[in-house]
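Colleague: Submitted below is the structure of interest, expressed as C-alpha cells.
Laboratory data are not the source of any read-out in this text; all were calculated from the coordinates shown. Given the structure is predicted, the values throughout are model-derived calculations rather than measurements. Here Cβ is always computed from backbone atoms with ideal geometry, including for glycine, and neighbour counts include all displayed protein chains.
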Amino acid sequence: MASGTEQLPEDLNSYLKKALQNISETLNGADVRDAAVFLRRCMQHGPDLYRLLEQLYGERDDFPGSAEAILQTAAEAFLRRPARLKQLDREREESPRWYQHHTMIGGVCYVDLFAGTLQGIKEKIPYFQELGLTYLHLMPIFRTPDGPDDGGYAVSSYREINPALGHMDDLCELAIALQAVGINLVLDFVFNHTANDHEWALKARAGDPGYQDCYFIFEDRAQPDAYEKTLREIFPDEHPGAFTFYPDIDKWVWTTFHTYQWDLNYRNPDVFRRMLAEMLSLANIGIDVLRLDAVPFIWKKLGTSCENLPEAHTIIRAFNALVRIAAPALIFKSEAIVHPDDVRSYFGQGEWAGKECEISYNPLLMVQLWEALATRHTHLLTYAMQHRFDVIPENCAWVNYIRSHDDIGWGFADEDAAAMQIDGFGHRQYLNRFYTGQEPGSFAIGYPFQFNPRTLDMRISGTAASLAGLEQAIKNNNPHAIDLAIRRILLITGITMSMGGMPLIYLGDEIGRLNDYTYLENPDTADDSRWVHRAPADWEQVARRREAGTVEARIFEGFTRLIGLRKQHPAFGSNSATQVVDTGNRHVYVYLKTLGDDQVLCIGNFTADPQRVPVDRLPLPGTDRRLVDLITGKTISSDTEIELSPYELMYLSMPQQ
Ligand code: OTU
C-alpha cells in the first residue's frame with residue numbers, strides 16, 4: 001500500500017505490471033493487435049485509474065489486490081467485445097465528440113408503453129427516423145420484481161431482459177438495427193441500488209456475510225438514526241427516512257428510494273468490481289450511452305447528506321477510466337437532479353474536467369422554462385443561463401429537455417433567485433400552486449408528487465401538453481387557448497433544440513400527449529402520480545399527425561420544423577458559443593448562438609401578448625439589419641424593433657459578415 005505520494009510511481013508501476021501479468025494469460029488468447037490496443041489504453045488510463053482506486057480503497061488490507069482484480073474484469077470484458085464494437089471504439093477514439101454534433105436528436109420511451117416489446121420498438125424505427133432521432137433511450141428493460149418495480153428502476157438482474165419485453169437476443173438485434181440507421185442506443189445503468197430480489201440481495205437475506213457487505217444492513221436503529229439526522233427524504237410518501245425494516249432478517253436496510261430498492265455499498269471494492277462487470281456486459285451489447293441513474297447517492301458518509309460526496313465523483317472517474325480502456329465507444333450520461341452547482345460537477349472539475357460524465361441532463365434549463373411560462377417573466381431564466389449554461393468542459397454536452405418520465409422539482413439555485421429579488425421557498429410554493437392549477441389564471445393541469453408535510457416540499461407530475469395548457473383548453477373547447485398551449489409547447493421545445501447541447505424528446509410530447517388517469521385503477525401505480533405522464537402510446541392519436549389541422553399535426557409539424565432547422569445549423573450543436581442577452585424586456589428570452597460563420601439569434605416571447613424588442617438591444621454584428629426568421633421564413637421589416645406574437649419563438653439568421 002502506498003504510504004506517500006513520493007512512492008506512487010513505483011507502486012503504480014508494480015500495480016500495472018502485476019495486473020498486466022495477471023491478464024497476460026487471458027490476453028495471450030487474443031489477437032496480437034487487440035492485446036496491443038488494450039495495453040496501450042492501460043498505459044494511457046492506468047495511472048489515473050490506480051490513483052482513483054487508491055483513493056477509494058487504498059486504506060483496506062485487500063489493496064492493491066482489489067485494484068488488480070478490477071483491471072482483470074475490464075480485460076475479460078474487452079476480450080468478449082464483438083468486433084463491430086471494437087471497430088466503433090477505434091472510430092470514436094479518433095473522433096470522440098460525436099455526441100456534441102448538431103444533428104443529434106434524442107428520444108426516450110418505455111418499451112412496453114411505446115411499442116409493447118423490444119421487437120415492437122424495432123418495428124417503430126421508421127417513426128424514429130421520421131422524427132430524425134439519432135439517440136434512443138429505452139427506459140429500464142431488465143428483469144424486475146413482481147408487483148411494483150418503480151417503472152423498472154428496481155433491477156433484479158442486469159443480464160436478463162424483463163420477459164414481457166423479450167430476450168437478450170432481441171436487444172442485441174435491436175442494437176444492431178439501430179446502429180445501422182445511425183441511432184445511438186441509450187440504456188439506464190441503475191447502479192445506486194438493486195431490487196430486493198436481486199441474486200446478491202437474496203444471498204444477503206439468506207445470511208451470507210460477503211453479500212450482506214454489498215448493501216447497508218444494520219442490526220438495529222442506532223446507525224440509521226445517526227445517518228437520518230442529516231439525510232434528505234427522497235420518497236417521503238412511500239416511507240419516512242431512508243431505511244426499511246426487513247422482518248425476515250430482522251434488520252434495517254438502506255433504501256433511499258422505494259422499500260424494495262436496496263442501496264449498494266461502494267465502500268466494498270467487490271461491489272465496484274461486480275458492477276463494473278455488469279456495466280461492461282451492457283457496453284458489449286452495443287449500448288452507446290449509459291444513463292447513470294441517481295448518481296448523487298452512490299457514496300454515504302455519516303454526518304453528511306450522503307449526496308454528491310467527493311467519493312461519488314471518484315467512483316465515476318474510475319468507471320470512466322475503465323470504459324476508456326475496455327469499451328471507449330461508450331459514454332456516460334449523468335442523472336443528477338440536484339442543486340445546479342452539483343449537477344454541473346458530474347462533468348468533472350479541475351484536473352478531472354471532462355473525465356466523469358460526458359453528457360448530463362440539464363434540469364435547470366427545464367425548470368427555468370416552466371418557471372418562465374408560469375410567471376411570464378424571463379429574468380430568472382436569463383440570469384441562471386448567463387451564469388450556468390456555457391460553463392461546462394469543452395468535451396461535454398447538456399441534454400436539454402422539457403419533460404421526462406419523472407416529476408418536476410423546482411431545482412433552481414436560491415442564490416440566483418435572491419439575486420433577482422425572489423425568495424426561493426416562496427417561489428417554489430407559487431410554482432407548485434400554479435402547476436397544480438390552484439393559482440388564478442393557471443393554464444396547467446398537473447399533480448403533486450411526494451408532498452412532504454414537514455418541509456412543504458413537493459414536485460409536479462403531468463405531461464408537457466397538460467402542463468402547458470392543452471388539456472384545459474381542449475376541455476373548455478377553446479380554440480384560442482388551444483392555440484396558445486401549442487405555442488407554449490413549441491416555444492420551450494424550440495429552445496431545447498437550439499440553445500446548445502442535445503435535445504431529448506419524451507416521446508408522446510411530439511403529438512401533444514395529455515395526462516392519462518388510468519394509473520389510478522392499478523394498485524401498483526396508483527400511489528405514484530408520475531404515472532399520469534406515463535401512458536401507453538395511442539397510435540391512432542399518433543396517426544393524426546398526418547391529418548392537417550389537428551392538434552397532433554400542428555405540434556408534430558412544429559417539432560419536425562425545429563428539428564430540421566437544428567440539423568441545418570452547426571451553431572445549434574454543443575461546441576458553439578452561447579451568449580444569453582438581457583434586452584431590458586423581461587418577457588422575452590434572447591440568446592445568440594455562434595459557431596464559425598454560423599450565427600443564429602433566438603428570441604422567445606413568454607407571454608400571451610405581443611412583445612417588442614428594440615433592435616439596438618440585440619447583439620447584431622455590423623450595421624446590416626436584414627434578418628430572416630428561419631422558422632416562418634419571414635423577413636424582419638423594421639430596423640428599429642422586432643415584434644413577436646404571443647409565445648412566438650424566432651430563429652433569426654444573421655447576415656454573413
Ligand atoms: C431516478 O430519479 C429515476 O429517474 C426515477 O424514475 C427512479 O424512481 C429513481 O431514480 C430511483 O431509481 O428522485 O424523482 O438526483 O432525483 O435519481 C426522481 C437524482 C428521483 C434523483 C433521481 C431520481
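Colleague: Rank these for me by crowding, Ile474, Ile337, going from fewest to most other beta carbons within 10 Å.
Modeller: So the ranking, lowest neighbour count to highest, is Ile474, Ile337.
Colleague: Would you mind calculating the relative contact order of the stretch 233-289 from Cα pairs under 8 angstrom and at least 6 residues apart, reporting the percent as a whole number?
Modeller: On the way: 46 pairs, mean separation 12.0, N = 57.
Worked out over the stretch 233-289, it gives 21 percent.
Colleague: Roughly how many nanometres apart are two label points built 7 Å out from the Cα toward the Cβ at Arg84 and Phe245?
Modeller: Placing both labels 7 Å beyond Cα along the Cβ direction yields 5.3 nm.
Colleague: I would also like to ask the following. Quick one: compute the contact order of the stretch 47-143, relative version, from alpha carbon pairs under 8 angstrom and 6+ residues apart, as a percent.
Modeller: Relative contact order of the stretch 47-143: 23 percent.
Colleague: Could you put Trp398, Trp531 in order, starting from the residue whose Cβ has the fewest other Cβ atoms within 10 Å? Before the final figure, lay out each step's value.
Modeller: Details: Trp398 25, Trp531 22.
Ordered from fewest to most neighbouring Cβ atoms within 10 Å, Trp398, Trp531 come out as Trp531, Trp398.
Colleague: Further question: Arrange the peptides 106-115, 537-546 so that the one whose residues have, on average, the most other Cβ atoms within 10 Å appears first. If you can, show how the numbers build up before the last one.
Modeller: Values: 106-115: 22.3, 537-546: 14.9.
Top to bottom by mean Cβ count within 10 Å: 106-115, 537-546.
Colleague: Would you please give the FRET efficiency between Thr455 and Ala222, computed as 1/(1 + (r/R0)^6) with r the Cβ-Cβ distance and R0 = 22 Å, to the nearest 0.05? Numbers along the way, then the final one.
Modeller: Working: r = 25 Å, r/R0 = 1.14.
With R0 = 22 Å, the Cβ-Cβ based efficiency is 0.30.
Colleague: Take every Cα pair under 8 Å in the stretch 199-263 that's 6+ residues apart, average their separations, divide by the length, and report that relative contact order as a whole percent.
Modeller: Working: 89 pairs, mean separation 19.5, N = 65.
Once normalised by length, the contact order is 30 percent.
Colleague: I would also like to ask the following. When you count, for each residue, the other Cβ atoms within 10 Å and take the mean per peptide, how do 66-75, 361-370, 496-505 rank with the highest first?
Modeller: 496-505, 361-370, 66-75
Colleague: What full-extension length gain, to one decimal in nm, is calculated for Ala543 and Asn477 as 0.36 nm per residue of separation minus the Cα-Cα distance? Working shown, then result.
Modeller: Numbers: separation 66, 0.36 × 66 = 23.76 nm, distance 2.17 nm.
Length gained, Ala543 through Asn477: 21.6 nm.
Colleague: Considering only His405, Pro646, Leu171, whose Cα is most displaced toward the positive end of the charge dipole of the chain, charges sitting on Cβ of Lys, Arg (+1) and Asp, Glu (-1)?
Modeller: My answer, from the dipole projection, is Pro646.
Colleague: Expressed as a whole number of Å, what is the distance separating the alpha-carbon centroids of the stretch 486-559 and the stretch 319-393?
Modeller: Distance between centres, Cα-based: 24 Å.
Colleague: For the stretch 170-268, which GluC sites (Glu not before Pro) are both in a DSSP coil and crowded by at most 10 other Cβ atoms within 10 Å?
Modeller: On the way: sites: Glu173, Glu199, Glu219, Glu228, Glu233, Glu238; in loops: Glu219, Glu233, Glu238.
Sparse-neighbourhood loop GluC sites (Glu not before Pro): Glu219.
Colleague: Taking R0 as 22 Å, what FRET efficiency do you get between Asn575 and Gln349 from their Cβ-Cβ distance, rounded to the nearest 0.05? Intermediate values should be presented prior to the final figure.
Modeller: Numbers: r = 19 Å, r/R0 = 0.88.
Result of the calculation: an efficiency of 0.70.
Colleague: Using +1 at the C-beta of Lys and Arg and -1 at the C-beta of Asp and Glu, which of Gly462, Ala418, Ala485 has the Cα lying farthest in the positive direction of the dipole of the chain?
Modeller: With unit charges placed on the Cβ atoms, the residue in question is Ala485.
Colleague: Cut-off is 10 Å between beta-carbons; in what order do Lys229, Lys301 appear when sorted fewest neighbours first?
Modeller: Details: Lys229 8, Lys301 13.
Ranking Lys229, Lys301 by Cβ neighbours within 10 Å, fewest first, gives Lys229, Lys301.
Colleague: So for the pair Gln429, Ala277, with labels modelled 7 Å out along Cα→Cβ, what separation do we get in nm?
Modeller: Modelled inter-label distance: 5.3 nm.
Colleague: Is there a quick way to get the dipole size of the stretch 199-263? I mean about its Cα centre, with the Cβ of Lys and Arg at +1 and of Asp and Glu at -1; what is the value in debye to the nearest 20?
Modeller: Working: 6 positive and 13 negative charges, 17 e Å.
For the stretch 199-263, the charge dipole is close to 80 debye.
Colleague: Between Asp34 and Asp597, what is the spin-label point distance in nm, taking each point 7 Å from the Cα along the Cα→C-beta axis?
Modeller: 4.6 nm
Colleague: If you place +1 on the Cβ of every Lys and Arg and -1 on the Cβ of every Asp and Glu, how big does the dipole about the Cα centre of the chain come out, in debye to the nearest 20? Intermediate results must be reported in sequence, preceding the final value.
Modeller: Values: 62 positive and 90 negative charges, 320 e Å.
The dipole of the chain has a size of about 1540 debye.
Colleague: Show that you can apply the helix-only estimate: for the chain, add -39,500 (n - 2.57) for every DSSP H stretch of four or more residues, divide by all residues, and state [θ] at 222 nm to the nearest 500.
Modeller: Working: 23 runs with 256 residues, N = 657.
The helix-only estimate for the chain comes to -12000 deg cm²/dmol at 222 nm.
Colleague: Amide H of Glu358: which non-local residues (sequence gap of 5 or more, or other chain) have their own amide H closer than 5 Å, using H built in the peptide plane?
Modeller: Correct list: Phe332.
Colleague: So if I take the centroid of the Cα atoms in the stretch 420-434 and the same for the stretch 265-312, what is the distance between those two points in Å?
Modeller: Taking the Cα centre of each part, the stretch 420-434 and the stretch 265-312 sit 34 Å apart.
Colleague: Once phi is turned into ³J(HN,Hα) by the Karplus curve 6.51 cos²θ - 1.76 cosθ + 1.60 with θ = phi - 60°, what whole-Hz value does each residue of the stretch 99-113 show in order, with x for glycine and proline?
Modeller: 6, 8, 5, 6, 8, 6, 9, x, x, 9, 7, 8, 4, 5, 6
Colleague: Quick check on packing: order 424-434, 484-494, 568-578 by the mean number of other C-beta atoms within 10 Å, highest mean leading.
Modeller: Numbers: 424-434: 17.5, 484-494: 24.4, 568-578: 20.8.
Peptide ranking by packing, descending: 484-494, 568-578, 424-434.
Colleague: Next up: Report Rg (one decimal) and Dmax (nearest whole number) for the chain, counting Cα atoms only, units Å.
Modeller: Just the Cα atoms of the chain yield Rg and Dmax of 25.2, 77 Å.
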